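Worksheet: one structure, shown below.
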Amino acid sequence: MKNKRVNNLSIYCYKYPPNQGVGGRRWHLFANRLLDLGYNVRVISKMPDSPLANIKNQTFLRKSKNRLFPWDRNKNDSKLIWHLQKLIAKLSIKGLIWEEVTYLKKEIITSVKQDIDNKVDCIIVSCAPFRWAYYISKYLAEYEGEKPKLIVDIRDPWSSNRLSYFSSSSAKVIHEEAELERYTINKADHVFFVAEKDAENAKRNNTNTNISWVPNGADLTKVLNLKKPHKKSKLLGQIHIVFAGTLYKGGEEFLLTFIKDLNTQLQQNNKPTAHWTIIGIWSPEIISKVKASTDCSFLGVIEPKLIEQEILQADFACSYVSPKLNYAINTKIIEAAALRVPVILLSQKGEVSEFLIRNNLGVHVNLKTMNSKLILEWHNKNRTTGPWQDFREFDINSLVDNKIIKIFDALT
């Protein structure tokens, strides 16, 4: 049953459908579950990347005078209107730091003022870009009067993790971002972290103890009911591998090395080279290198249902986890495993690989040793995944029902 007091919610997130990417799909699943439970939800996001003409008839878009674009995800559904926020300014990027642009800050604060006027009970803001949360937390902290509760969702720590990817981030900039992160965490009414380790560290290093671990969620209820086809692939004798998602910074070299090593193992066993299906936003340069190394088809960005079909037709689903993020289970691993398709995890040894092995979800290929023999062993023995020991904690419906709703209750 929904909470009697926390009924009206605003979610601020950078990516949201029809914008492409798994980050937006997570928030879409999250918001839809809250909607199904009877909450009133407003989503504030950036304008769509793709031309509006390419959006299917299931969406409805119309302009309004205040630069907000109400978007009804379903013409027959009057409970929810998604607000796609038009950002007038062009944003400059240093690493993953979004510069403080006057128009951007003004648009966000204007929307928060509307939330206050509309007596929104709770604002949930995703820290991507990170400064969105800082703008909102600072404004609410200084506002005198009745105001919404603030939940901050931190997918990755600002300074200790993501910024270290980028050599262009000076020590001064990293220090500034760490201060903004600390301020935001301590001013929020509640904070989510995607990894349990990050939540524990944040509790130790901040005065705010209202901090929870909320992992990346996937809608696992529906995919478990999908039946895996008996004849998985039309490829004659080839191992079929699907890589759906982002190849994060630094992963290109490891992926190409793995492809070369796997094909060598296949040739030594008198088997044809593997066929790779690549799905997502990849640079043409990387795709060219993959095609030069192995049999490959590149599908670009496709609908989630089509991604599921491609994974179901494959022998393996491949995922790369960088050393910097080797503690957070990504959504693609969960979704592929829920489809009962074994995962090839390219990563160093860590919490993600331990999760994979503990649940028997596929093969871990250590980036330091790059041993692809395990792929052939799994394939030749026709092994199956599971049993799922940690299944429920990654289902989006279970996360909302058992964690998020309890946090709403605590806020009152």
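Can you pull out every residue in the stretch 172-192 that is surrounded by 16 or more Cβ atoms within 10 Å (Cβ to Cβ), closer than 16 Å to residue 132 by Cα and among the hydrophobic types (A, V, I, L, M, F, W, C)?
Listed by number, the residues that qualify are 180, 185, 188, 191, 192.
Do we have residue 407 as hydrophobic (A, V, I, L, M, F, W, C), out of contact with any Ser or Thr (no Cβ under 6 Å at 6 or more places or on another chain) and assigned by TED's automatic domain parsing to the domain that holds residue 149 here?
Numbers: hydrophobic (A, V, I, L, M, F, W, C): yes; out of contact with any Ser or Thr (no Cβ under 6 Å at 6 or more places or on another chain): yes; assigned by TED's automatic domain parsing to the domain that holds residue 149: yes.
Against the criterion (hydrophobic (A, V, I, L, M, F, W, C), out of contact with any Ser or Thr (no Cβ under 6 Å at 6 or more places or on another chain) and assigned by TED's automatic domain parsing to the domain that holds residue 149), residue 407 qualifies.
Could you please give the count of residues in the stretch 248-305 that are at pLDDT below 90 and in contact with a strand residue (DSSP E or B) (Cβ under 8 Å, 6 or more places away or on another chain)?
Within the stretch 248-305, residues that are at pLDDT below 90 and in contact with a strand residue (DSSP E or B) (Cβ under 8 Å, 6 or more places away or on another chain) number 8.
Give all pairs with beta carbons closer than 7 Å in which a residue from the stretch 397-411 that is under 19 Å from residue 26 (Cα atoms) meets a residue that is in a helix (DSSP H, G or I) and among the charged types (D, E, K, R); count only pairs at least 6 apart in sequence or on separate chains.
397/33; 398/392; 400/33
Return the only residue of 330, 326 being without any contact (Cβ under 8 Å) to a residue 40 or more places away in the chain and of a type in the set (S, T, N, Q). I'd like the intermediate steps shown before the answer.
Working: 330 fails: without any contact (Cβ under 8 Å) to a residue 40 or more places away in the chain.
None of the others qualify; the one that does is 326.
Could you tell me which of the residues 247, 255 is outside any helix (DSSP H, G or I), surrounded by 16 or more Cβ atoms within 10 Å (Cβ to Cβ) and either hydroxyl-bearing (Ser, Thr, Tyr) or assigned by TED's automatic domain parsing to the domain that holds residue 362 (or both)? Please lay out each step first, then the result.
Values: 255 fails: outside any helix (DSSP H, G or I).
On inspection, the qualifying residue turns out to be 247.
Within the stretch 108-149, can you find the residues that are more than 22 Å from residue 34 (Cα to Cα), in a loop (DSSP other than H, G, I, E, B) and among the small types (Gly, Ala, Ser)?
145
Please determine whether any residue of the stretch 376-393 is farther than 24 Å from residue 275 by Cα and touching a helix residue (DSSP H, G or I) at 6+ places or on another chain (Cβ under 6 Å).
Within the stretch 376-393, the first condition is being farther than 24 Å from residue 275 by Cα, and the residues that meet it are 386-393.
Checking the rest, the ones that are also touching a helix residue (DSSP H, G or I) at 6+ places or on another chain (Cβ under 6 Å) come to 392.
Yes, that holds for at least one residue.
Go through the stretch 295-412 and tell me which strands (runs of 3 or more DSSP E), entirely inside it, have 1 or more residues that are surrounded by 22 or more Cβ atoms within 10 Å (Cβ to Cβ). Working first, answer last.
Values: elements: 295-300, 316-320, 343-347, 362-366.
Output list reads 316-320, 343-347, 362-366.
Exactly one of (1) touching a residue at least 60 places away in the same chain (Cβ under 8 Å); (2) in contact with a Phe, Trp or Tyr (Cβ under 9 Å, 6 or more places away or on another chain); (3) not hydroxyl-bearing (Ser, Thr, Tyr) is unmet by residue 312. Its number?
Residue 312 satisfies all of (1) touching a residue at least 60 places away in the same chain (Cβ under 8 Å); (2) in contact with a Phe, Trp or Tyr (Cβ under 9 Å, 6 or more places away or on another chain); (3) not hydroxyl-bearing (Ser, Thr, Tyr) except (2).
The values are calculated or read from the model by the stated rules, or taken from the named source; none is laboratory data. Everything numeric here is computed off the predicted structure, so don't read it as measured data. Please note: Cβ atoms are built from the backbone with ideal geometry, for glycine as well, and neighbour counts cover all protein chains shown.
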